[in-house]
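Taking it in order: structure first as structure tokens, then the write-up.
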Amino acid sequence: MRVWITTVGTSPFAVFNSLWMAIARDSYYPDKIYLLWNDKVKRNMEKIKSYIEALAKAYGRTIAIDDTHKVDEEDFRTFTKTLAEIIKREKLEGNEIAIDMTPGRKFMSAFSMYAGIEGVEGGKFKADKIYYLHLRDLSYINLPLYLIPFSIQELLEMKSELSGKERTKEPLRLEGEKEEIKITREELMAVINQEFLLGRELLKIKVSGKDIATISLRENENLAKVSVVKNLSLPSYVGDYGLFSSVLNASGIRELKATLDGEKWMNEEELYRWLLNKIKEKETRYITFDTNSLIFGIPRRFLEFLDRQKDKAYSLNLAISRIVETELTKEKAKILRDGRFFDEYVLDSDYWNQPSPKDRLFKLGQLQLKLLNERNAILIEPTREGTGDDVILESFVEFLRKNEGELIVFTSDKNFFANLKHLRNIEPIYVGFGEIKEYVTWENVRDFIFASAIVFGKVNVSGIGEVKAVWRGKNPWEWDKVKVSLKPETKKSH
């Protein structure tokens with residue numbers, strides 16, 4: 001029987017992810033788990049137990065959980081005695097023991113490693129394995145394993161590392177035919193991680209049978225090398241190179257640059273740090289976005305930056321222009337039910353009665369609207385009929401008359417930016433895009449696949465399969481969920 005011993009700490013995922021990675025990476029599936037805990041982390045222990053139970057159910061296995069060992073986190077002697085007793089008891093029963101030294105306080109990790117290597121009772125009883133999951137970026141610490149890029153996670157088995165012996169790494173492979181599933185943008189990272197775990201590092205992405213990008217995943221860094229096509233000719237109902245350019249902007253494949261005055265430019269990180277400093281100040285500031293800024297995912301990108309910050313001492317006030325909201329949600333065209341799109345007949349019935357390519361692009365902006373609404377964004381109402389820049393400007397002025405403070409406006413329109421510069425208490429930020437990056441993050445890869453599927457309707461990713469946002473009979477309510485369908489690639493038999 002395999003036994004896993006771990007300490008419950010302040011981060012439930014620090015405990016759970018190590019176990020999950022040992023199962024996924026090394027096929028090390030324990031039959032029994034000891035959770036050592038104290039009163040301060042009792043709630044976390046209950047969470048971890050539920051995670052373990054869900055994991056066991058997902059893999060079709062059972063795991064016995066022993067949570068009877070309560071230890072005082074300040075009492076070094078009690079902890080070491082408890083750990084020694086468990087090791088001795090399980091070894092006397094002939095069981096294999098793995099200790100996870102990832103979570104818990106430093107002295108707990110130190111003794112866990114010592115007890116595993118040197119053993120207890122004069123070295124008579126030793127652990128067989130000592131695991132440590134190294135996370136290179138601690139801003140991910142509160143995410144589940146498969147939503148963190150595997151490129152920045154490394155599972156170390158310390159006895160093998162110290163002895164210099166080659167450790168057998170055998171990823172757990174689930175048997176049976178894979179079914180088509182609906183997944184979110186975030187869940188797409190899990191698919192990329194699994195392919196990487198199984199040794200696939202090169203992804204070729206196609207639309208309508210034509211290559212659009214080749215992506216090489218690089219081990220041990222949260223980076224990938226990307227190469228995209230310079231031109232693209234597709235059926236009109238699928239899209240064009242202009243839409244492909246928007247996908248590159250929305251997914252972060254192109255460099256984002258921003259300016260406050262048209263002269264000095266900031267990169268994306270500098271922009272968000274400047275904005276963070278602004279909202280930390282005492283003055284009330286509202287943040288709103290034009291149509292393109294929403295399509296390019298600026299709200300999400302900034303909010304994800306904020307979520308990674310330790311310092312949460314800021315006031316975030318978001319706003320949505322009613323005119324922008326209307327523009328994003330108003331239907332432009334539709335591929336007809338009989339398969340006609342303007343003068344072209346659509347052979348692929350999955351596209352029938354579905355939104356046009358431009359409407360699908362605007363779905364990316366609608367996703368940002370949903371995100372802003374979830375963050376209780378205030379609505380900026382127009383003062384009169386119309387949709388022009390002058391009407392939007394008037395609505396901003398009236399908004400500030402009713403709501404004291406400053407309005408920060410993200411825009412990708414140079415003329416709109418210039419006009420905003422003349423208005424009091426409005427700080428416009430012009431957002432542009434430069435060259436295609438040579439190296440991008442795994443999140444950029446995930447977002448590129450997701451945005452391509454939304455905008456073009458379907459993409460094929462080598463090793464992963466077909467990712468699609470259109471299918472026959474898809475209704476508007478399913479579009480509102482902003483999920484894509486993944487049909488895993490069928491492996492050819494040799």
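Any read-out appearing in this document is the output of simple, stated calculations on the displayed coordinates, not a laboratory observation. Because the structure is a prediction, the values reported are computed rather than measured. Counting neighbours? That spans all protein chains shown, and the Cβs are built from the backbone with ideal geometry, glycine included.
Mean projected area of the convex hull spanned by the Cα atoms of the range 181-488, taken over all viewing directions: 16.9 nm². If every alpha-carbon in the range 28-89 counts as one equal scatterer, what log10 I(q)/I(0) does Debye give at q = 0.14, 0.22 1/Å? After summing over all Cα pairs, the log10 values are -0.46, -0.94.
Let me spell out the model: positive unit charges on the Cβ of Lys and Arg, negative unit charges on the Cβ of Asp and Glu, origin at the Cα centre of the range 11-109. What dipole size does that give, in debye rounded to 20?
In total the dipole reaches around 160 debye.
Taking the centroid of alpha carbons for each part, the range 58-101 and the range 201-280 are 47 Å apart. The share of alpha-carbon pairs in the range 1-141 lying farther apart than 25 Å comes to 20%. Helical runs (DSSP H, four residues minimum) scored at -39500 (n - 2.57) apiece and divided by the length of the chain put the mean residue ellipticity at 222 nm at -11500 deg cm²/dmol.
Cross-linked pairs 210/458; 47/159; 332/358; 278/363; 358/458: Cα-Cα separations exceed 18 Å for 47/159; 278/363. Averaging over all projection directions, find the projected area of the Cα convex hull of the range 1-53 and quote it in nm² with one decimal place. Average of the hull's projected areas for the range 1-53 equals 3.4 nm².
Axis angle, to the nearest 10 degrees, between helix 442-456 and the longest C-alpha principal axis of the chain: 40 degrees. Annotation for the range 394-494: GluC sites (Glu not before Pro) lying in DSSP loop with at most 10 further Cβ atoms inside 10 Å of their Cβ are 404, 438. 3J(HN,Hα) along the range 152-161, derived from phi through the Karplus expression 6.51 cos²θ - 1.76 cosθ + 1.60 where θ = phi - 60°, amounts to 10, 10, 9, 8, 9, 10, 5, 5, 5, 4 Hz, with x in place of Gly and Pro.
Just the number: Rg to Rh for the range 257-415, Cα atoms, Kirkwood Rh, two decimals.
Working: Rg = 18.4 Å, Rh = 17.6 Å.
Reported Rg/Rh (Cα atoms, Kirkwood Rh): 1.05.
Its residues counted as N, the range 377-418 yields a C-alpha radius of gyration over 2.2 N^0.38 Å of 1.17. In the chain, the DSSP beta bridges split such that about 55 percent are antiparallel, to the nearest 5. How about the range 214-270: which trypsin sites (Lys or Arg not before Pro) there lie in a loop by DSSP and see at most 15 other Cβ atoms within 10 Å? Passing sites in the range 214-270 are 218, 230, 264. With the convex hull constructed from alpha-carbon coordinates only, the range 205-332 shows a mean projected area of 11.2 nm² over all directions. Along the charge dipole of the chain, which of 429, 243, 287 sits closest to the positive end, that is, farthest toward it, with unit charges on the beta carbon of Lys, Arg, Asp and Glu (+1, +1, -1, -1)? Value computed over the given set: 243. With q set to 0.13, 0.16, 0.18, 0.19 Å⁻¹, the log10 of I(q)/I(0) for the range 349-463, from the Debye formula over equal scatterers at the Cα positions, is -0.76, -1.02, -1.14, -1.19. Put a plus charge on the Cβ of each Lys and Arg, a minus charge on the Cβ of each Asp and Glu, and nothing anywhere else: the dipole of the range 181-488 about its Cα centre is then about 640 debye.
Using Cα-Cα distances under 8 Å and only pairs 6 or more residues apart, what relative contact order does the range 33-147 have, in percent?
Details: 114 pairs, mean separation 23.0, N = 115.
Contact order relative to length: 20 percent.
In plain terms, the residue of 69, 134 with the fewest other Cβ atoms within 10 Å comes first and the most crowded comes last, giving 134, 69. Across the range 463-468, coupling constants 3J(HN,Hα) worked out from phi with the 6.51/-1.76/1.60 Karplus curve, θ = phi - 60°, read x, 9, x, 8, 10, 9 Hz, and Gly and Pro carry x. For the range 362-452, applying the loop criterion from DSSP together with a ceiling of 12 other beta carbons within 10 Å to the trypsin sites (Lys or Arg not before Pro) yields 375, 384, 424. Taken one residue at a time, the phi angles of the range 228-234 give Karplus couplings (6.51, -1.76, 1.60, θ = phi - 60°) of 10, 6, 8, 8, 8, 10, 10 Hz. Gly and Pro are set to x. Computed over the chain, relative contact order equals 15 percent, with contacts defined as Cα pairs under 8 Å that lie 6+ residues apart. Take the Cβ-Cβ distance between residue 261 and residue 384 as r, set R0 to 51 Å, and report the resulting FRET efficiency rounded to the nearest 0.05. Working from the Cβ atoms, E equals 0.95.
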